[in-house]
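As C-alpha cells, the structure follows; a few thoughts come after it.
The values are calculated or read from the model by the stated rules, or taken from the named source; none is laboratory data. Nothing here was measured: the structure is a model prediction, and the numbers come from that model. Here the Cβ positions follow ideal geometry from the backbone for every residue, glycine too, while neighbour counts run over all protein chains shown. Side chains included, ligands, DNA and RNA excluded: accessible areas come from the protein's heavy atoms. Shrake-Rupley method; radii C 1.70, N 1.55, O 1.52, S 1.80 Å.
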Amino acid sequence: MTQLEAAVRAATATLHEGAEAPPARFLLLLKATDDPVVRLAEIAAVVEPIGATVRPFSALDPHLVVVRFPGRAFTVDSGGAPFAAAHRFTEAFDLESAEPDLPTDLFPEASASQDFVPEDVSGFPLGCFADSEPALPDGWAIDSITVPAAWAFSETNQRPSRGRNIVVAQPDTGVIGHPELTGITTVPGFDVLSDDTDPTDPLTGQNPGHGTGTASVVVSGPPGRVTGSAPAASHMPIRAINSVVQLTLGTVAEAVDWAVEHGAHVITMSLGGIFSFSMQRALRRAVRADVIVLAAAGNCVKTVVWPARFGECIAVAGVDIRGAKWRGSCSGSAVDIAAPAQNVWRAAVPNGAGQGQGTSFAVALTAGVAALWLAHHGRANLIAAARARGETLQDMFRRMAGATARRPAGWDSFDMGAGIVDARALLAAPNLDLELGRESVPLPYDSREAAALTVAGLAAEEIGPAAVLQDPPDWYAHGPELSWLLLQRRRRADGGIIGEESPTDRPAPSDDLDRAVGNPELRDAVGLNGARPEGGGR
C-alpha cells in the first residue's frame with residue numbers, strides 16, 4: 001500500500017449502499033504552468049487503481065482536478081486525517097495545493113418543515129434561535145426593506161419591476177413542487193450531486209426542504225401566503241448539497257460555475273462552512289462575469305463563515321422586525337449588509353408556510369433586492385457604469401447597497417455592515433453618479449493573499465494578533481484545515497448562552513481538537529497547542 005493510499009484510508013471508511021454520506025472527494029489545484037491534460041492523466045494513472053475517478057472540476061477551471069472515491073466516505077471521527085491526506089496529494093503530485101471536500105456542520109438551521117425551532121442545537125450555544133412570533137404579518141420582512149415601495153417606484157418610472165428578466169441562481173438542497181412556488185418563472189436547473197438536470201430536493205438529510213423555503217423568500221408571489229422580494233425574477237434551482245447542516249463547499253463551487261455558464265445574473269447561497277480555494281476561485285470567476293454573488297454570514301458560531309467571508313462575496317447578516325441584530329446572526333468586519341432573518345415567513349414542506357430563522361433568509365431577501373436593482377436600471381447599463389468607474393458590478397452593488405442602507409439608532413457598522421438593505425432607496429439613488437457612497441477600492445481578485453487573509457483574520461479573532469504575527473504558516477495552503485479547527489474551537493469554547501458576554505479568558509481547546517490537526521507544527525504555529533499567545537484572543 002502506498003503512502004497516498006494509506007492516507008486516504010485513514011481519512012475514510014467504506015461507503016455502504018443507502019448511506020447518506022457523500023463519497024469522499026479531494027480537490028487538487030495544479031500549478032499555473034502545468035498542462036492540465038497531461039497532469040490529469042498522470043494523476044489518474046496513480047489513483048484509479050486505488051478506487052478513484054478523476055475529472056476536471058469544470059470547463060471554467062481545468063487546473064482544478066476532482067478526485068472522487070465512490071466507495072468511500074469521510075468518517076465522522078477522522079479528525080485531521082482528511083487534511084493530512086490532502087497534504088499527501090500535494091506532495092505526491094507536486095501541486096499548488098489540495099483540499100478535502102469535507103462535509104462540515106458549522107451552519108445550524110431548523111428544518112423547513114418546522115414552524116418552531118429548537119432552543120438548543122447540538123454542539124452550539126443555547127439561545128441561538130428566538131421564540132416564534134405568530135402575530136407577525138406575512139409580508140413584514142419585505143415591508144421592512146421597502147420592497148413593495150421599490151416595485152411601485154419601478155412601475156411609476158416605467159421600468160421593469162419585481163426583478164423581471166433577471167435570473168437568480170440558488171445552489172441549495174434543490175426544490176420541490178410547492179403551492180408557494182406556483183406560477184413562478186423558472187429556468188433549467190441542475191443537480192451537481194447526481195450530475196443530471198433534475199434539481200428536485202429528495203427531502204432527505206437533516207433539514208429537508210431548505211432550498212424550497214429559501215427560494216420562496218426570493219421568488220414567491222400570489223396566490224400563496226409568502227411573497228418574495230423579486231417575484232418576477234427567473235429562478236434557477238441547483239441541487240448542490242444534501243443538507244445545509246452538513247455541506248461540502250466543493251459541490252457548491254461547482255454549482256457556482258454551472259450557474260455562471262448558464263446565464264445566472266445573481267447567485268444566492270444560504271449556507272456556510274470552512275475555507276475552500278475551489279470556492280474562492282469560482283467566486284472570482286463569477287464576479288469577473290458580472291454576476292452578483294451573495295452568501296449568508298452564518299448562524300450561531302458568531303463569526304462570519306465561508307464563502308461569505310471571502311472578499312469576492314457579499315456577506316449578509318440578520319436582523320429582526322425591530323432592526324436589531326438577530327441573536328443567532330454571525331457578525332464581524334466581513335459583513336457587508338443586513339436583512340431580516342428572525343421569523344421570516346417562508347414555504348414549509350410539504351405544502352404549507354411558516355416562520356423560519358437564519359441568515360439564509362436574509363441573504364435570499366437581499367439577492368431579490370439585487371435582482372430589483374438590475375431590472376430597474378438595466379443590467380447592461382449598470383455594467384457599463386461600473387466599467388467607467390473601474391469597478392466590478394459586484395462592487396458597485398455592494399457600494400450602492402451600503403450607501404443607501406438604513407441605519408437604526410445605535411447601529412454597529414463594524415459588526416453588522418453598512419446597515420439594513422433599503423430597496424426603495426437603492427433604486428432611487430443616482431447609480432451613475434460616481435460621487436455617491438464611499439470610494440470603492442477594487443478587490444485583488446487574482447490575489448492568493450487576499451483569500452489567505454480571511455483565514456489569518458479568523459486566527460487573529462480567535463487566538464489573538466500574535467497568531468498572525470509570529471512566524472505564521474501558509475494561510476492559503478493550510479486554509480481548509482486551519483479554518484475547520486478554528487471554527488470548531490470557536491463553537492466548543494463559547495458555551496454559555498448566545499447574547500451573553502463571552503468570558504474574558506476562552507478555555508483552551510479540548511483534547512480531541514488538539515489531536516485533530518494532522519500537522520502538529522501547524523497547530524503550534526498559531527497557538528493551537530492549548531497556550532494563548534501573548535496579546536490574547538477575543
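When you check Ala317 against the structure, is it assigned to a strand (DSSP E or B) and not β-branched (Val, Ile, Thr), yes or no?
Criteria met by Ala317.
The selection criterion, being among the aromatic types (Phe, Trp, Tyr) and buried (at least 24 other Cβ atoms within 10 Å of the Cβ), holds for Trp326. For the range 389-397, the criterion of being of a type outside the set (Ser, Thr, Tyr), in a helix (DSSP H, G or I), without any contact (Cβ under 8 Å) to a residue 40 or more places away in the chain and touching a Leu at 6+ places or on another chain (Cβ under 7 Å) is met by none of the residues. Here Gly499 clears all of (1) out of contact with any helix residue (DSSP H, G or I) (no Cβ under 6 Å at 6 or more places or on another chain); (2) modelled with pLDDT of 90 or more except the condition numbered (2).
So which residues in the range 211-241 are in a loop (DSSP other than H, G, I, E, B) and within 20 Å of Cys300 (Cβ to Cβ), if there are any at all? Within the range 211-241, Ile241 is the sole residue that qualifies. For the range 39-59, residues that are closer than 27 Å to Ala289 by Cα and open to solvent by 70 Å² or more (accessible area, probe 1.4 Å) total 2. If we scan the range 153-176, do we find a residue that is assigned to a loop (DSSP other than H, G, I, E, B), farther than 30 Å from Ala429 by Cβ, of a type in the set (Asp, Glu) and modelled with pLDDT of 95 or more? Checking the range 153-176: not a single residue is assigned to a loop (DSSP other than H, G, I, E, B), farther than 30 Å from Ala429 by Cβ, of a type in the set (Asp, Glu) and modelled with pLDDT of 95 or more. Scanning the range 1-38 for residues that are in a loop (DSSP other than H, G, I, E, B) and surrounded by fewer than 17 Cβ atoms within 10 Å (Cβ to Cβ) yields Met1, Thr2, His16, Glu17, Gly18, Ala19, Glu20, Lys31, Ala32, Thr33, Asp35.
Among the residues of the range 197-225, which ones are of a type in the set (D, E, K, R) and open to solvent by 60 Å² or more (accessible area, probe 1.4 Å)? The answer is Asp198, Arg225. Look at (1) assigned to a strand (DSSP E or B); (2) without any contact (Cβ under 8 Å) to a residue 40 or more places away in the chain and you find that Met279 fails only one, number (1). Go through the range 118-152 residue by residue and tally those that are at pLDDT below 95, crowded, with 16+ Cβ neighbours inside 10 Å, aliphatic (A, V, I, L, M) and touching a strand residue (DSSP E or B) at 6+ places or on another chain (Cβ under 8 Å). Residues flagged as at pLDDT below 95, crowded, with 16+ Cβ neighbours inside 10 Å, aliphatic (A, V, I, L, M) and touching a strand residue (DSSP E or B) at 6+ places or on another chain (Cβ under 8 Å) within the range 118-152 amount to 0.
Checking Ala315, Ala297, Ala339, Ala308 one by one, the residue that is over 15 Å from the mean Cα position of the chain (by Cα), at negative phi and of a type in the set (A, V, I, L, M, F, W, C) is Ala339 and no other.
Which of the residues belonging to the range 448-476 are in contact with a helix residue (DSSP H, G or I) (Cβ under 7 Å, 6 or more places away or on another chain), part of a helix (DSSP H, G or I), open to solvent by 20 Å² or more (accessible area, probe 1.4 Å) and over 14 Å from Ala334 (Cα atoms)? Scanning the range 448-476 gives a single hit, Val468.
Yes/no matrix, rows are residues, columns are (1) open to solvent by 10 Å² or more (accessible area, probe 1.4 Å); (2) under 30 Å from Leu30 (Cβ atoms); (3) touching a Cys at 6+ places or on another chain (Cβ under 8 Å):
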{"site": "Gly228", "(1), (2), (3)": "no, no, no"}
{"site": "Val256", "(1), (2), (3)": "no, yes, no"}
{"site": "His262", "(1), (2), (3)": "yes, yes, no"}
{"site": "Val266", "(1), (2), (3)": "no, no, no"}
{"site": "Phe277", "(1), (2), (3)": "no, yes, no"}
{"site": "Ala286", "(1), (2), (3)": "no, yes, no"}
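Selection of first residues in the range 83-102 that are closer than 17 Å to Arg68 by Cβ and of second residues that are acidic (Asp, Glu) and open to solvent by 10 Å² or more (accessible area, probe 1.4 Å), restricted to Cβ pairs under 9 Å at least 6 apart or on distinct chains, gives the following pairs, ordered by first then second residue: Phe93/Glu42; Leu95/Asp34. Which ones in the range 243-273 are closer than 17 Å to Thr214 by Cα, out of contact with any Phe, Trp or Tyr (no Cβ under 9 Å at 6 or more places or on another chain) and of a type in the set (Gly, Ala, Ser)? Correct list: Ser243 only. When residues in the range 300-317 are screened for being of a type outside the set (Val, Ile, Thr), under 20 Å from Arg490 (Cα atoms) and either at pLDDT 95 or above or open to solvent by 10 Å² or more (accessible area, probe 1.4 Å) (or both), 8 of them pass. Counting the residues of the range 176-209 that are over 15 Å from Glu20 (Cβ atoms) and not acidic (Asp, Glu) gives 19. Candidates are the residues of the range 177-210 that are among the hydroxyl-bearing types (Ser, Thr, Tyr) and assigned to a strand (DSSP E or B); the one that is nearest to Phe57 (Cα to Cα) is Thr200.
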